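Asks: Let me give you the structure first, and then I'll get to my questions.
The values are calculated or read from the model by the stated rules, or taken from the named source; none is laboratory data. As the structure is a computational prediction, the values presented were derived from the model and not from experiment. Reconstructed Cβ throughout: ideal geometry from the backbone, glycine too, with neighbour counts over all protein chains shown. Please note that ligands, DNA and RNA were not included when accessible areas were found on the heavy atoms of the full protein model with its side chains. Shrake-Rupley method; radii C 1.70, N 1.55, O 1.52, S 1.80 Å.
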Amino acid sequence: MVIGEEPSEAPERVFTSAGWLSLEREYVPRVVAGEHPYAHPEAKAALAIAARTFVLRAMRDRPTLGRTTAIPSGEQFQVFARGASEECVVAASVTQGIVLRYQGRMILANHVAGAFWKPDGSLGSDPTKTERWVTYNVGRRGSEVVPTGLSLRSHPGNRGCLGQHCAHWLAAHGYDHRTILRFFYGEDVEFYELGSGESTIGRALWGVLALAIFVRR
């Protein structure tokens with residue numbers, strides 16, 4: 001892997017502080033479980049894409065990360081749980097290989113808990129004190145997109161920050177995962193599907209059906 005070169009394929013496995021994990025079957029589902037296990041299925045799917053983008057962007061910029069240097073688990077990176085529920089596995093499966101790009105380059109895809117949202121759509125409590133990092137970029141494009149203070153604001157990959165509690169509220173009110181991601185990262189964020197060494201036969205159909213089942217519950 002060349003530093004700064006955009007990958008065309010996702011690695012099958014990544015090296016983490018918990019050992020080698022399958023990117024799609026273990027790592028991404030466990031990040032969803034570690035970050036927001038009780039989110040609406042569409043919010044989980046949005047978080048799966050953000051989490052995948054976040055780690056692969058970091059691996060793109062640090063070629064040893066996930067290969068010889070362990071990917072950490074924690075608030076300074078992203079938290080992955082010891083296991084994942086079926087819903088979290090489905091969220092990773094239905095979005096397998098999809099990352100977020102802007103002008104052909106993966107974005108930083110920062111995400112935090114943010115404040116809770118009340119039923120009427122107003123902000124509630126912010127126990128993690130992370131709402132200040134969340135960006136609301138609905139309808140914004142190009143230079144209009146507001147970056148997050150979590151990263152250097154002038155960084156070209158800084159297209160904002162997803163708020164997990166807000167994503168849950170949006171999903172509960174009918175937003176799908178792609179619309180949720182554009183809400184935080186801008187209307188011009190690109191959804192790019194990486195290849196992988198794993199078989200994807202039947203994955204898309206199964207993922208859509210499985211997600212639909214969970215949404216209807």
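Asks: Among the residues of region 35-42, is there at least one that is aliphatic (A, V, I, L, M), touching a helix residue (DSSP H, G or I) at 6+ places or on another chain (Cβ under 6 Å), modelled with pLDDT of 95 or more and assigned to a loop (DSSP other than H, G, I, E, B)?
Replies: Taking every residue of region 35-42 in turn, at least one turns out to be aliphatic (A, V, I, L, M), touching a helix residue (DSSP H, G or I) at 6+ places or on another chain (Cβ under 6 Å), modelled with pLDDT of 95 or more and assigned to a loop (DSSP other than H, G, I, E, B).
Asks: Hey, does region 105-116 have a residue that's modelled with pLDDT of 95 or more, open to solvent by 20 Å² or more (accessible area, probe 1.4 Å) and out of contact with any helix residue (DSSP H, G or I) (no Cβ under 8 Å at 6 or more places or on another chain)?
Replies: yes
Asks: Which residue out of GLY104, GLY74, GLY83, GLY66 is more than 21 Å from HIS40 (Cα to Cα) and touching a Pro at 6+ places or on another chain (Cβ under 9 Å)?
Replies: Of the residues listed, the single one that is more than 21 Å from HIS40 (Cα to Cα) and touching a Pro at 6+ places or on another chain (Cβ under 9 Å) is GLY66.
Asks: Check whether at least one residue in region 11-18 is open to solvent by less than 10 Å² (accessible area, probe 1.4 Å) and among the basic types (Lys, Arg), and report yes or no. Break it down into steps so the answer makes sense when it comes.
Replies: Within region 11-18, the first condition is being open to solvent by less than 10 Å² (accessible area, probe 1.4 Å), and the residues that meet it are 14, 16.
Filter once more, keeping what is among the basic types (Lys, Arg): none.
Checked against the condition, which is being open to solvent by less than 10 Å² (accessible area, probe 1.4 Å) and among the basic types (Lys, Arg), region 11-18 yields no hits at all.
Asks: Report yes if ARG182 is in contact (Cβ under 8 Å) with a residue 40 or more places away in the chain and open to solvent by 50 Å² or more (accessible area, probe 1.4 Å), otherwise no.
Replies: Values: in contact (Cβ under 8 Å) with a residue 40 or more places away in the chain: yes; open to solvent by 50 Å² or more (accessible area, probe 1.4 Å): yes.
Yes: the conditions hold for ARG182.
Asks: For region 181-188, does any single residue satisfy the condition of being more than 13 Å from the chain's Cα centre (by Cα), outside any strand (DSSP E or B), over 27 Å from LYS118 (Cβ atoms) and not hydrophobic (A, V, I, L, M, F, W, C)?
Replies: yes
Asks: Of all the residues that make up region 60-104, how many are surrounded by fewer than 16 Cβ atoms within 10 Å (Cβ to Cβ) and assigned to a strand (DSSP E or B)?
Replies: Here the count works out to 1.
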